[in-house]
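S.K.: One structure follows; several queries about it will come next.
The values are calculated or read from the model by the stated rules, or taken from the named source; none is laboratory data. If you're wondering where the values come from, they're calculated on a predicted model, not measured in any experiment. Using ideal geometry, Cβ is built from the backbone for each residue, glycine included, and neighbour counts are taken over all protein chains shown. Please note that ligands, DNA and RNA were not included when accessible areas were found on the heavy atoms of the full protein model with its side chains. Shrake-Rupley method; radii C 1.70, N 1.55, O 1.52, S 1.80 Å.
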Amino acid sequence: MPSVFIKTYGCQMNERDSEAVAAQLVAKGYSLAKSEATADVVLLNTCSVRDFAEQKAINKMRNLVGNARKDRPGQILGYLGCMAQSRGQELIDKLPDVDLVLGTQKFHRAAEYLDELLAGKRTKIVDTATEAKSEATIREHLLNGSAKTSVSAFVSIMQGCNQHCTFCIVPATRGEERSRTIPDIVAECRELALRGVKEVTLLGQIVTSFGKREVTVSNGKSGFVQLLEAVHEIEGLARIRFTSPHPKGYGDDLVEAYARLPKLCESAHIPLQSGSDRILKLMHRGYAREKFTGIIQKLRQAKPGIGIYTDIIVGFPGETEEDFEQTLSLCREVEFDNAYIFKYSERRDTPAAEMADQVPQAIREERNERLLKLVNEIAARKYDAFIGKQVQILVEGPSKKNAARYTGRTRCNRIVLFDGSARHQSQIMDVKIERTGSFTLYGDPAILE
Ligand code: SAH
Ligand code: F3S
């Protein structure tokens, strides 16, 4: 049977989509190749959020095409996911050796199309059509892929986003918001728990909008909170996480859920984007600075020690030095546990790309560096505060860099390394933090003194 190699760019949703495609192909008898050099099929699952991510995948494909021409005749090459969706046929026009372009609503057709291409029944396939119910097709898991993935799994709960932030290409690549049903998601999580999974991360572009049209608010609880409650009931699961929420989805029902549902881990990745009300408005984010800081305050009250992570864009069109300073001041005020900082990148067919006052690249760079410095200083201080403390971790497996070390995560989503062995695999255990490294805590499992 043919072998396949999938390389993934971008977010956790893409990782999850790739896993589902791999599981689908394995179920059809394909094997997973160790490298692209030995694979009959190479698929690039792409990201469009920034130009840089697109260029990386295009360069990689050029490279693959060159190698296939030289040494690997007959190798099938394909693009999947967001860039496949937004560029479609254009990708084959540019690189005619590409055989397959499969959009974000068609992952479940991968096996069928590859069979046709491998059998020579068709020579090129581009499918970027929309498909009703495609949100419920990302459900197969490959838990035996590596020890690391077997204790923790991603579950896709919805597709698309209707927020239409003016900088963002996701509503175009992922389409309208469409949610799976609660029973369907619970069934998937239950099966995962039976297969030994202890932690699930519920995934979507804007998970706090889950079930907005499909699930009626009940006792003041949104569809998303109802989903959290239903997943919380599942025996065997010990931890629940989700990403990405939108600040506007942090109603009191969700804040209370943190206090009420012990399996819901005290960690939240809440994208801020900017600390300036003027820029937030231009971004069409739907909240102001004060609303954001208010949410963080409430969450910290409900769950002291909660890890708060965020995304920030610098150099959005029209961002002045004063606007940027608002972002700096918000970061000083909130003290994020970590923040992912992005230089604004013009995306095709988005309103922000058409705005006047595009910020020069040099200023985007400079603001990126200044913000990074501040965020890192605060993050390091927060890491250091763990020294001497006892934390609960879920052990994921041996560390990639050093097999004598095991790695786990705290409930607040920090990585902990410790001298471990196979007997620690998949355990929930307490460790004492001895020192910190770059975005890592080093723990000692022998905490009983
Ligand atoms: N809710 C989605 C957001 C996807 S994009 C999710 O997390 O899956 C992830 C982050 O990329 C956003 O929060 C934003 O900070 C950044 N981003 C999105 N579009 C961008 C652009 N055009 N330029 C720079 N950064 C961008
Ligand atoms: Fe993008 Fe904004 Fe949705 S960042 S994914 S349009 S919430």
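S.K.: Counting heavy atoms of the protein chains only and a 1.4 Å probe, report the per residue accessible area for the chain as a whole number of Å². If you can, show how the numbers build up before the last one.
M.R.: Details: 19450 Å² over 449 residues.
Here the per-residue accessible area is 43 Å².
S.K.: Checking understanding here: applying a Kyte-Doolittle mean of at least 0.0 and a length along the axis of at least 15 Å (C-alpha), which whole DSSP H helices in the chain pass? Don't jump to the answer; show the numbers that get you there.
M.R.: Numbers: long enough: 12-27 (22 Å, -0.31); 51-71 (30 Å, -1.10); 182-194 (18 Å, 0.79); 289-302 (20 Å, -0.79); 321-334 (20 Å, -0.71); 361-384 (34 Å, -1.05).
Span-like helices here: 182-194.
S.K.: With a/c under 1.5 counting as rounded, go ahead and sort the stretch 1-141 into rounded, prolate or oblate using the C-alpha gyration tensor (a ≥ b ≥ c being the square roots of the eigenvalues; past the cut-off, prolate if a/b is larger than b/c, else oblate). Each step should come with its number before you reach the end.
M.R.: Numbers: a/c = 1.36, a/b = 1.09, b/c = 1.25.
Here the stretch 1-141 falls in the rounded category.
S.K.: Hey, another quick one. Excluding residues fewer than 8 places away in the same chain, name every one of the lysines whose C-alpha is closer than 25 Å to that of Lys56.
M.R.: Lys7, Lys34, Lys70, Lys94, Lys106, Lys124, Lys343, Lys400, Lys401
S.K.: Rounded, prolate or oblate: which fits the stretch 201-268, taking a ≥ b ≥ c as square roots of the Cα gyration tensor eigenvalues, rounded meaning a/c under 1.5, else prolate when a/b beats b/c? Please list the in-between numbers first.
M.R.: Details: a/c = 1.44, a/b = 1.29, b/c = 1.12.
It comes out rounded by the Cα gyration axes.
S.K.: Further question on the same structure: So who's got an amide H within less than 5 Å of the one on Cys11, skipping anything under 5 residues away but keeping other chains? H placed 1.01 Å off N, in plane.
M.R.: none
S.K.: Would you work out if the stretch 317-409 is rounded, prolate or oblate? Take a ≥ b ≥ c from the square roots of the eigenvalues of the alpha-carbon gyration tensor; rounded if a/c is under 1.5, else prolate when a/b is larger than b/c, oblate otherwise.
M.R.: prolate
S.K.: A further question follows. When only C-alpha pairs under 8 Å and at least 6 residues apart count, what is the relative contact order of the stretch 118-230, in percent?
M.R.: Reported relative contact order: 26 percent.
S.K.: Points 7 angstrom from Cα along the Cβ direction at Lys248 and Glu131: gap in nanometres?
M.R.: The modelled label-to-label distance comes out at 3.0 nm.
S.K.: Report for the chain the percent antiparallel among DSSP-assigned beta bridges with both residues inside it, nearest 5.
M.R.: Rounded to the nearest five, the antiparallel share is 35 percent.
S.K.: Determine the relative contact order of the chain: mean sequence separation of Cα pairs under 8 Å and six or more apart, normalised by residue count, in whole percent.
M.R.: RCO, the chain: 10 percent.
S.K.: Same structure again: Got a number for the accessible area of Glu369? Probe 1.4 Å, square angstrom, nearest 10.
M.R.: Here the accessible area works out near 120 Å².
S.K.: Using Cβ-Cβ distances only, list the Cys residues of the chain with no partner cysteine under 4.7 Å, sorted by number.
M.R.: Cys11, Cys47, Cys82, Cys161, Cys189, Cys265, Cys331, Cys412
S.K.: Less than 13 Å from a label point 7 Å out along the Cα-to-Cβ axis of Lys400: which backbone N atoms in the stretch 1-38 qualify, by residue?
M.R.: Hits in the stretch 1-38 for Lys400 at 13 Å: 8-10.
S.K.: Right, next: Sequence-distant or interchain residues sharing an amide H contact under 5 Å with Val359, placed H: which?
M.R.: Gly318
S.K.: Determine the calculated [θ] at 222 nm for the chain from helices alone, applying -39500 (n - 2.57) to every DSSP H run no shorter than 4 residues and normalising by the residue count; nearest 500 deg cm²/dmol.
M.R.: -10500 deg cm²/dmol
S.K.: While we're on this one: Placing unit charges on C-beta atoms (Lys and Arg positive, Asp and Glu negative, everything else neutral), compute the dipole magnitude of the chain about its Cα centre in debye, rounded to 20.
M.R.: 700 debye
S.K.: How large is the accessible surface of Asp357 in square angstrom, using a 1.4 angstrom probe and rounding to the nearest 10?
M.R.: Its accessible surface works out to 110 Å², give or take rounding.
S.K.: Right, something else. Summing Lys, Arg as +1 and Asp, Glu as -1, what charge do residues with Cβ under 14 Å from the Cβ of Thr130 carry, Thr130 excluded?
M.R.: Neighbourhood net charge equals 0.
S.K.: While we're looking at this one, here's another question. Given a 1.4 angstrom probe, I'd like the percentage of the accessible area of the chain that is carbon and sulfur, rounded to a whole number.
M.R.: 50 percent
S.K.: Moving on to the next point. If you take every DSSP beta bridge whose two residues both sit in the stretch 127-277, what share of them, in percent to the nearest 5, is antiparallel?
M.R.: 20 percent
S.K.: Along the Cα→Cβ direction, 7 angstrom out, place labels at Lys389 and Phe52. What is the inter-label distance in nm?
M.R.: 3.0 nm
S.K.: Still on this structure, I have one more. Trypsin sites (Lys or Arg not before Pro) within the stretch 359-449: which are DSSP loop residues with at most 11 other Cβ atoms inside 10 Å?
M.R.: Working: sites: Arg364, Arg367, Arg370, Lys373, Arg381, Lys382, Lys389, Lys400, Lys401, Arg405, Arg409, Arg411, Arg414, Arg423, Lys432, Arg435; in loops: Lys389, Lys400, Lys401, Arg411, Arg414.
Hits after loop and neighbour filter: Lys400, Lys401.
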